[in-house]
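Below you'll find the structure, written out as structure tokens, and then a few comments.
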Number of protein chains: 2
Amino acid sequence: MSGHGEFDLIREFFTRPARDTNVVLGIGDDAALLAVPAGDVLAVTTDTLVAGRHFPEEAAAADIGWKSLAVNLSDLAAMGATARWVTLAITLPDNNEHFLREFSRGFFALADQENVRLVGGDTTRGPLAITVTAMGTLPAATAIRRDGARAGDDLYVSGTVGDAGLGLRLALDQWPDELAQATRDMALASLHRPHPRLALGTALRGVASAGLDVSDGVAQDLGHLLQASGVGAELELDALPMSTALQAIDPAFAVILALTSGDDYELLFTAPPAMRDAIAGLPVRCTRIGCITASPGLVLLRNGQPVDMPVAGYTHF
Amino acid sequence: MSGHGEFDLIREFFTRPARDTNVVLGIGDDAALLAVPAGDVLAVTTDTLVAGRHFPEEAAAADIGWKSLAVNLSDLAAMGATARWVTLAITLPDNNEHFLREFSRGFFALADQENVRLVGGDTTRGPLAITVTAMGTLPAATAIRRDGARAGDDLYVSGTVGDAGLGLRLALDQWPDELAQATRDMALASLHRPHPRLALGTALRGVASAGLDVSDGVAQDLGHLLQASGVGAELELDALPMSTALQAIDPAFAVILALTSGDDYELLFTAPPAMRDAIAGLPVRCTRIGCITASPGLVLLRNGQPVDMPVAGYTHF
């Protein structure tokens, strides 16, 4: 960390005692010094959230804080890494103490929950944007990569999908139908406060053959996995796990949201059939939604029969 | 790395073979996997550059690429770390291939020179800003921190200072005097293409007692070092090392620039007098500009006599 006035802002809102003995030196010098446990490799990922693009301009600062951390921790979860440290770069239009206080509240609510330490930062003036770099550790051989799926593997997704997509349409006033308040609340919470699947990610070490997180939608992210692994897949639409919120809307729309909307941050992964018992015993419900095939491409099924469903995020691969 | 369309942009411009055997997995999965050498700790720093604030709106894209990496590597140099890996988050107003191509040219010119690998990235749409997170490695005990200066230590700065400050005023058309073209060129190059002192940083392991890089000006950055170490300093103004460019301007302005202008990215460090021979033999010229005192505060000297010089960046501590 250096220069540019972040001392005042970051010291006030973001300096906390680092009780992690792996943090040799935390915020306040030119760089943090971090000890990676012997035998582990470092997993690093970075994602930027821009106002008006990754969250509505009027989003609550606490939600922005939570989500900017969550989307990065989700990438670590997808690798099977233990989340450890993050750096935070905030660009703010003005010295807005209220925003920083609320942002900090949301950010640290998740950081504390997941035992993640902020080890560096930079605060700059400019249009609102947040870049988080998240670091985790794991034994290299246990990393869950995108390129390990094999024909015959089962295809799974954790939790439920499509909720954040419904939430986004509600947030943008693009949902025409009346919805119960509980349904709205559930969908909006999925959008604003996604829960990175860190415990599931580490539990999937040695179980999953490949995996990634669902940031752009099941169809599109599955496409990335299939391409990296050089395989194809069959996906049973009726198997897509949906929340009670999504079950409350028109089933035709629900399946499109579940298949193509992003921001759910569930884990999409593959595993050999021999792992079915292990997966049934995982702490998070994981639903088998299809299987990996040797022939490339994605085939969508309904009751076992291929269906033609040209939806965004699906047709392009 | 995940989502948000960076696949197209980053793959085209930033995917390069990672010949570094410490890169277990590079760009293209949810996170990079990196092997920290046994016995070393990881040094991590992050800095954001915003258009119109950290570089002129009309700055050349190649210069922006160079500088966004340079300011981060400079923080690693200041710790004495060996620079290894970086992630790059770019927010761009539009899909500007020309900008990305030129940005990439400047970024990789420095990355290749310093043997640094890009291991992750994110490209988003929005007002132009760049966040780089730089990672290096070093034995923890050899890290050059800000809090190690002791009374009696010598105070040094590498290279020359004030050139980037002159360059900034030239770039902003805020310099009233006529200057020779060579002087202008030297000052502008210092501003746009700073050279992080990485080789010097690692050479200072076991030599410097404390140090940081000069991003906000000698006076202000020295203040950070003194505060962290709980000491004071005497600084001889006539000893401040100046380039031929700065020697070509009014000496009264030159000393203010050398003392208070930022962006030079030289190393400011302390060392016990027993290290003078070792420092004289370093690959970069380092000039002794003063000494550390037990009493707090900074005393400016001219010919050994205290002078009163209320300049920005100096008066506030």
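No value in this document is a laboratory result; all are computed from the given coordinates. Given the structure is predicted, the values throughout are model-derived calculations rather than measurements. Cβ sites come from the backbone with ideal geometry, for glycine too, and all protein chains shown count toward neighbours.
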- Fully extended contour minus Cα-Cα distance, from A:ARG302 to A:THR21, at 0.36 nm per residue: 96.0 nm
- Counting as exposed only trypsin sites (Lys or Arg not before Pro) in DSSP loop states with no more than 16 other Cβ atoms inside 10 Å, the longest exposed-site-free span of chain A is A:151-284
- Query: Whats the longest run of chain A with zero GluC sites (Glu not before Pro) that are DSSP loop and have at most 11 other Cβ atoms within 10 Å?
  - Reply: A:179-317
- Number of partner chain Cβ atoms within 10 Å, mean per residue of B:210-222: 2
- Task: List the distances, in nm to one decimal, from the label point of A:LEU282 to the label points of the same position in every other copy, shortest first, placing each label point 7 Å from Cα along the Cα-to-Cβ direction.
- Result: 5.2
- Could you tell me what % of all Cα pairs in the protein assembly as shown have separations over 37 Å? 37
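For the protein assembly as shown, what proportion of DSSP beta bridges, expressed in % and rounded to the nearest 5, is antiparallel? Don't jump to the answer; show the numbers that get you there.
Working: 88 of 118 bridges.
In the protein assembly as shown, approximately 75 percent of DSSP beta bridges are antiparallel ones.
Rounded to the nearest 500 deg cm²/dmol, what is the calculated helix-only ellipticity per residue at 222 nm for chain A, with -39500 (n - 2.57) per DSSP H run of length n ≥ 4? Don't skip to the answer; put the middle values down first.
Details: 10 runs with 103 residues, N = 317.
The helix contribution divided over chain A gives -9500 deg cm²/dmol.
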- Task: One decimal, nm, shortest first: give the distances between the label point of B:ALA294 and those of the same position in the other copies, each label point 7 Å from Cα along Cα→Cβ.
- Result: 8.2
- Message: Per 0.36 nm of contour for each residue apart, how much would the distance between A:ASN96 and A:ALA252 grow if the chain were fully extended, relative to their Cα-Cα spacing?
- Response: 51.8 nm
- Item | Residue order, fewest to most surrounding Cβ atoms within 10 angstrom, among B:MET275, B:MET135 | B:MET275, B:MET135
- Item | Rounded FRET efficiency, nearest 0.05, which uses the C-beta distance separating A:ALA38 from A:ALA140 and R0 of 22 Å | 0.95
- Query: What average count of beta carbons from other chains do you get within 10 Å of the Cβ of residues in A:129-139?
  - Reply: 5
- Note on the structure: Taking the dipole of chain B about the Cα centre (Lys, Arg +1; Asp, Glu -1; charges at Cβ), the one of B:LEU179, B:ALA151, B:LEU100 that reaches farthest to the positive side is B:ALA151
